[in-house]
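First comes the structure, then the notes that go with it.
Taken together, the values in this text are just the output of simple stated rules run on the coordinates, not laboratory data. Only a predicted model underlies this, so the values are computations on that prediction, with no experimental measurement involved. Every residue, glycine among them, receives a Cβ derived from its backbone with ideal geometry; neighbour counts consider all protein chains shown.
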């Protein structure tokens, strides 16, 4: 057993602060004394930003065990809590807060002992990385140096030891296959395993899914299936069974699209039942695909390692490089990079290491053959199953660089979010932030990072020198792009000194938006907006000048695209395969920007003209905590499923949308009406197939919906007290859902200390310096913890078992009455449209509560006037009771009763 590290250790929670000296007992200390101790000498900490937040001292630093863990065990999962670290290191968990400092010394000793072990799996590259960290004065470097031995052979640099991807021939078109029901049944039996429970709902569901893989009857008319699948049906294996059967028989690629990263991780695990981890040739039959902004960019990393980052971000770059050597696929957002790593460094270092701005130089990059993004793209073209997200599927369908990347058999899991994803994908936004990104792509950043080739001139220098017309087009585009906003644009707008036609337009937008603001400054912390109608003449005039400036950029870019095609058609001797790939990549990126500028021009041309009934346009000033961060003009489709149908559905052969909350549980209307409208089915010629599989869970016995009637709306002290008492009654395990960040923060601030003193940890989005995925991991791992959050926690959070036993909503989740919502409300039935949205949100939130047949719990809404018409959002048979807070506390403390008489009594109360 390793010896504890004899250094002082500090732990802070909402219930107090404890400090342990190197060889002394642990003692409770004040926040001031803890800060002084940390300032005098480096102390052991776990999650320094979180400790700093709880001590109220942002500059606190020390020896963070999470940083040490990331160095010793890169690409290995760990919940960033004492309990989670103990489980990861196979150590005994500390019994309480006062025992955590001693545990930190023990955990540090165990990690250092691993560095001396011959069985350290991640030893390769550690010594070289440590030498760099010594030069960067990483706090752990001096502690680790005596324990990490210098290897006998020089270690390879990361960029030389990463494997290269290989080119593969394009996969042939899939064979036309008709799946027999008995074959689908046999495959489902195989995936669920011998001896498993046979569920009729799952079997019928799998047979229905097989329809989307049948040969298409007519061009641009896909097989379209809308499948409602209640929680517990087993829909994942239900659709993987026919998908795997079809991909094997047809040699085609099936795509499964999700809305949340959590479901992507789950799908990767489940898919192993149907496909091996690798084929005989080493290729992967199942590939997870995400947008480029999710993956590590090796060129950005090289820039960071060679001086592009300084101070703490430079340390982060070294730890990311260490992770990259062991990563499965280079996915930094939701992959095997710990979600908490970036938050330890308090800045957007992770985002700076991904391809956020579309600046990729493709084959012009020295790391092109080792690029994680290119590897994933090529692997997906050869895969049997691609697991992606809704946005990527839509973007690939619209902008796919080649036919192989355009999905033709698609299963949209979490299908109730397809409308939302399409709404975002097919939107047009001309804002300061968007325009400055375009400028950086064309010209390059204002302050160029060392050694990085950026901007059109740098990326296409060889083409410009070879092709005179192409060179002239690049120069013309560079000159025209000077009209776009540059660094400091927002400050110039605030000072009334815009530079150039685009900044002048944004200044007019800002002025008009503030002039029309109806809030009277009440919501100064939030963004404001106004309709793009009846606009002043100065704004219309500025829009015309801005449109001319954009056209001046687009024209040479179109000419450049033509010249690149000519160079490719009549390739010079010096243009090798990598050069061709780089030019092809440049053409793709160029066309994307040309389309973007054309959309902006169309948006500006409409200002001052008659309204187009298919679109909703508005002006906005985006703010956060009263600080402006963007100004822009927006356009959204009134019905975004119209372009979705054109771009995604028509080219596909088979598409399914599936979800546990696909239909509307309205007592008056057809439950499928809304699902059909939000699927795009109305814009293709085929009639969608509809199928429904009810959940096998006994909600009447396992869950109760409690409507608390004596918490007055707007009474913050009463709301806070209700949350605290409910968490105490439930002994933790509460997921609290809020409709406003401000109220959530206020409630957290009022109750966190009280709960911590009772041994009930409380975490919150937008309060704790921890990413949302990690917050859910912490919540799932600790049965006494509770978590407060907003929309991101209402859907896609999977916490089965005892860790989640109570969901509390602060009020009815009414839609925000912004301009876009008002337009869609008017076009879709008024208040009935609102009710559909609310019922969907309630159903999604309720779905967090019961994840397995063993789960039980309460769903509580703190609303004195909860409309009875919304109660149909909950599963049929679920007891619904209107009661006081005191009565709710008694029921929560007693647990869910399965007594049929109580359930019947609850139904009578809800009816009355």
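For segment 9-155, the share of DSSP beta bridges that are antiparallel, to the nearest 5, is 75%. The stretch between residue 832 and residue 118, if pulled fully straight at 0.36 nm per residue, gains 250.4 nm over its current Cα-Cα span. Using the Cβ-Cβ distance between residue 802 and residue 515 with R0 set to 60 Å, the FRET efficiency works out to roughly 0.65. Just check the chain against the gyration tensor rule for me: Cα atoms, a ≥ b ≥ c as the square roots of the eigenvalues, rounded for a/c under 1.5, and otherwise prolate or oblate depending on whether a/b exceeds b/c. Rounded, since a/c falls under 1.5. Once the chain from residue 31 to residue 475 is taken as fully extended at 0.36 nm per residue, the excess over their C-alpha distance is 153.9 nm. If a spin label sat at a point 7 angstrom from the Cα of residue 614 along the line to its beta carbon, the backbone N atoms of segment 630-645 nearer than 16 Å would be those of 635-645.
Each peptide in 234-241, 482-489 gets a packing score, the mean of other Cβ atoms within 10 Å over its residues, and the list from highest to lowest is 234-241, 482-489. Within segment 555-596, list the residues whose amide N lies under 16 Å from a label point set 7 Å along Cα→Cβ of residue 159. Residues passing the 16 Å test: none. Rounded to the nearest 500, the 222 nm mean residue ellipticity of the chain from helices alone is -13000 deg cm²/dmol, with -39,500 (n - 2.57) taken per DSSP H run of at least 4 residues.
As a rough guide to protection, the peptides 463-471, 858-866 ranked by mean Cβ packing within 10 Å, highest first, stand as 858-866, 463-471. Taking packing as the residue-averaged number of other Cβ atoms within 10 angstrom, the listed peptides 54-63, 693-702 run from highest to lowest as 693-702, 54-63.
With a Förster radius of 30 Å applied to the C-beta separation of residue 175 and residue 687, the computed FRET efficiency comes to 0.70. Each residue, residue 249 and residue 219, gets one label point 7 Å from its Cα in the Cβ direction; the gap between the two is 2.7 nm.
Working from label points 7 Å from Cα in the Cα-to-Cβ sense, the residue 23 to residue 541 distance is 8.2 nm. Estimated from the Cβ-Cβ distance and a Förster radius of 22 angstrom, the FRET efficiency linking residue 196 and residue 272 is about 0.85.
Full extension of the chain segment joining residue 571 with residue 183 gains 134.6 nm, where the gain is 0.36 nm per residue of separation less the Cα-Cα distance.
Paramagnetic label reach from residue 784 (point 7 Å along Cα→Cβ; backbone nitrogen cut-off under 17 Å): within segment 99-125, residues 99-103.
Each listed q (0.13, 0.16, 0.19 Å⁻¹) maps to a log10 I(q)/I(0) for segment 9-155 from the Debye sum over equal C-alpha point scatterers, namely -0.59, -0.87, -1.16. The separation of segment 330-384 from segment 662-682, counted between C-alpha centres, amounts to 38 Å. Give me the percent of DSSP beta bridges within the chain that run antiparallel, rounded to the nearest 5. Around 35 percent antiparallel, to the nearest 5. Ranked for footprinting exposure by Cβ neighbours inside 10 Å, fewest first, 670, 413 give 670, 413.
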